[in-house]
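S.K.: Questions regarding the structure given below will be posed in turn.
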Amino acid sequence: VAKERGRDRAELFEPTMSLGRQSRARIAQDLRYALPRNELTVHYQPVVHLPTGQVTSVEALVRWERGGRSPTPPEVFVPVAEETGLIRPIGAWVLREACRHGRHWHDTVPKAEALSVAVNISGRQLKDHRFPDTVRQILHETAFPPASLVLEITESTLVTDAETTSPHIRALRDLGVRVSIDDFGTGYSSLAYLRDLPTDTVKIDQSFVLRGGGDVDTSLIQAILQVGDALDLDVIAEGIETPHQAQRLHSLGCLYGQGFYYSPPLAPKALEAYLTTQAILTPSSSHP
Ligand code: C2E
Ligand code: MG
Ligand code: MG
Ligand code: MG
């Protein structure tokens with residue numbers, strides 16, 4: 001129990017609280033050079049259809065190899081990028097990489113011609129009125145089909161400053177891009193708000209899956225699945241680490257999942273190798 005609490009605490013508070021002002025300033029300074037020094041990469045984690053194990057999509061996750069230092073996780077540097085405004089160039093770069101790689105896999109990997117790529121979008125990116133246009137330009141530049149792009153927005157980002165973000169989400173949907181609500185169950189969105197927002201997918205936060213097994217978590221997962229069903233959203237469970245968790249989610253009726261049990265996030269070449277050995281869920285074999 002203590003270990004589980006420790007993990008929650010780290011996830012919730014590390015970026016803003018335990019990181020001293022000193023190291024944050026240092027991160028901010030080093031981050032300015034991360035792009036020009038080619039220190040950023042994008043890794044991809046497969047999402048699978050739980051009943052069959054077929055791959056349905058991949059999630060892009062940024063990585064920072066910070067010259068000579070130990071790797072700095074995105075949960076630490078993404079908030080700093082937000083505070084400093086560096087998220088704008090870095091976010092656009094991640095999006096371009098993801099679309100470029102996605103296009104390459106569509107063209108070269110058998111059966112991957114409709115593979116979706118999900119990209120995490122932070123609050124500051126979504127609030128920027130230029131963001132929908134940036135997405136449109138990148139799709140055009142990379143010739144990646146809008147319908148294959150999913151933008152993951154956390155539930156807490158969605159509800160903060162909803163008056164600004166809702167029209168942007170609509171503009172993105174008008175481009176043909178899909179929208180997924182990340183870390184679902186940890187924010188404070190009302191059901192009425194969710195009903196009126198054009199989204200496609202919800203991702204059950206991994207804390208529900210990791211704690212696993214308990215009656216309360218099981219009931220909460222069932223409640224989220226029911227919300228997904230009522231609002232016609234696909235539900236993806238995050239953080240599946242064991243066959244037991246996969247089995248449990250499947251038996252509760254959750255159709256999609258991702259986690260170390262299936263695959264950790266992989267470098268582009270490794271993901272490509274993974275895709276060529278795995279069955280891929282094609283649009284004709286089922287729904288997204
Ligand atoms: P997220 O979008 O909820 O991504 C899921 C996180 O869970 C990833 O951590 C992933 O590596 C990790 N994960 C996957 N499977 C498992 C598992 O089975 N067990 C456990 N314990 N963890 C698992 P990562 O890559 O460190 O990213 C952390 C967060 O940083 C992301 O959470 C997302 O909010 C943010 N992030 C990552 N990349 C980007 C990015 O390019 N842009 C923005 N704005 N945020 C990003
Ligand atoms: Mg995500
Ligand atoms: Mg998440
Ligand atoms: Mg998260």
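S.K.: Of all the Cα-Cα pairs you can form in the stretch 135-237, what percent are over 16 Å apart?
M.R.: Cα-Cα pairs of the stretch 135-237 separated by over 16 Å account for 59 percent.
S.K.: Give me the 1.4 Å probe accessible area per residue for the stretch 202-288, excluding ligands and nucleic acids, in Å².
M.R.: Accessible area per residue, the stretch 202-288: 48 Å².
S.K.: On the accessible surface of the chain, probed at 1.4 Å, how many percent belong to carbon and sulfur atoms?
M.R.: 53
S.K.: Accessible area per residue, 1.4 Å probe, Å², for the stretch 139-181: what's the number?
M.R.: 40
S.K.: If you don't mind, there's one more thing I want to ask. Taking 0.36 nm per residue of sequence separation and subtracting the Cα-Cα distance, how much length would be gained by fully extending the chain between ASP107 and HIS140, in nm to one decimal?
M.R.: 10.3 nm
S.K.: Mind checking the per residue accessible area of the stretch 62-125 for me, 1.4 Å probe, whole number of Å²?
M.R.: 44
S.K.: Taking the Cα-to-Cβ direction at THR242 and at LEU191 and moving 7 Å from each Cα, how far apart do the two end points lie in nm?
M.R.: 3.2
S.K.: If you don't mind, another one. What's the Cα-based Rg to Rh of the stretch 180-288, Rh via Kirkwood?
M.R.: Rounded to two decimals, Rg over Rh is 0.99.
S.K.: Please state the charge dipole magnitude for the chain, taken about the Cα centre, from unit charges on C-beta atoms (+1 on K and R, -1 on D and E), reported in debye and rounded to the nearest 20.
M.R.: 840
S.K.: Under 5 Å between amide hydrogens, which residues at least 5 positions from LEU266 or on another chain qualify, with H placed 1.01 Å from N in the peptide plane?
M.R.: TYR44, GLN45
S.K.: Output the antiparallel fraction of DSSP beta bridges having both residues in the chain, as a percent to the nearest 5.
M.R.: About 35 percent, rounded to the nearest 5.
S.K.: By average Cβ neighbour count within 10 Å, what is the ranking of 176-185, 108-117 from highest down?
M.R.: 176-185, 108-117
S.K.: In addition: Return the FRET efficiency for the residue pair ARG32, TYR261: r is the Cβ-Cβ distance, R0 is 35 Å, and the value is rounded to the nearest 0.05.
M.R.: 0.40
S.K.: What is the diffusion coefficient of the stretch 10-143 in µm²/s, taking the Kirkwood radius over Cα pairs and the Stokes-Einstein relation at 37 °C with a viscosity of 0.692 mPa s? If you can, show how the numbers build up before the last one.
M.R.: On the way: Rh = 16.2 Å.
Diffusion coefficient, whole number: 202 µm²/s.
S.K.: Using alpha carbon coordinates only, what is the Rg to Rh ratio of the chain, with Rh defined as the Kirkwood radius?
M.R.: Value, to two decimals: 0.94.
S.K.: Continuing with the same structure: Using the Karplus curve 6.51 cos²θ - 1.76 cosθ + 1.60 with θ = phi - 60°, work out ³J(HN,Hα) for each residue of the stretch 201-209 in order, rounded to whole Hz, and write x for Gly and Pro.
M.R.: With the stated coefficients, the stretch 201-209 comes to 9, 10, 10, 5, 4, 5, 4, 5, 7 Hz.
S.K.: Also, quick follow-up: When the Karplus curve 6.51 cos²θ - 1.76 cosθ + 1.60 is applied with θ = phi - 60°, which whole-Hz ³J(HN,Hα) does each residue of the stretch 61-69 get, with x for Gly and Pro?
M.R.: These are the phi-based 3J(HN,Hα) values: 10, 6, 10, 10, 8, 8, x, x, 9 Hz.
S.K.: Another question about this same structure. Assuming R0 = 25 Å, can you tell me the calculated FRET efficiency for the pair LEU175 and ALA230, based on Cβ-Cβ distance, to the nearest 0.05?
M.R.: Efficiency computed from Cβ-Cβ geometry: 0.40.
S.K.: Which whole-Hz ³J(HN,Hα) couplings does the stretch 274-279 yield from phi under the Karplus relation 6.51 cos²θ - 1.76 cosθ + 1.60, θ = phi - 60°, glycine and proline marked x?
M.R.: 4, 4, 6, 9, 9, 6
S.K.: GLU152's amide H: which non-local residues (gap 5+, or another chain) put their own amide H closer than 5 Å, with H modeled 1.01 Å from N in plane and none for Pro or chain starts?
M.R.: Amide H to amide H, under 5 Å and 5 or more residues apart or across chains, GLU152 pairs with VAL119, ASN120, ILE121, SER180.
S.K.: Another question, if that's okay. Given +1 on the Cβ of Lys and Arg, -1 on the Cβ of Asp and Glu, and no further charges, what dipole in debye does the stretch 142-219 carry about its Cα centre, rounded to the nearest 20?
M.R.: With only Lys, Arg, Asp and Glu charged at Cβ, the dipole is about 240 debye.
The values are calculated or read from the model by the stated rules, or taken from the named source; none is laboratory data. Because the structure is predicted, anything quoted here is derived from the model rather than measured. Every residue, glycine as well, gets a Cβ built from its backbone with ideal geometry; the counts of neighbours run over all protein chains shown. Just so you know, the surface numbers come from the protein's heavy atoms only, side chains and all, with ligands and any DNA or RNA stripped out. Shrake-Rupley method; radii C 1.70, N 1.55, O 1.52, S 1.80 Å.
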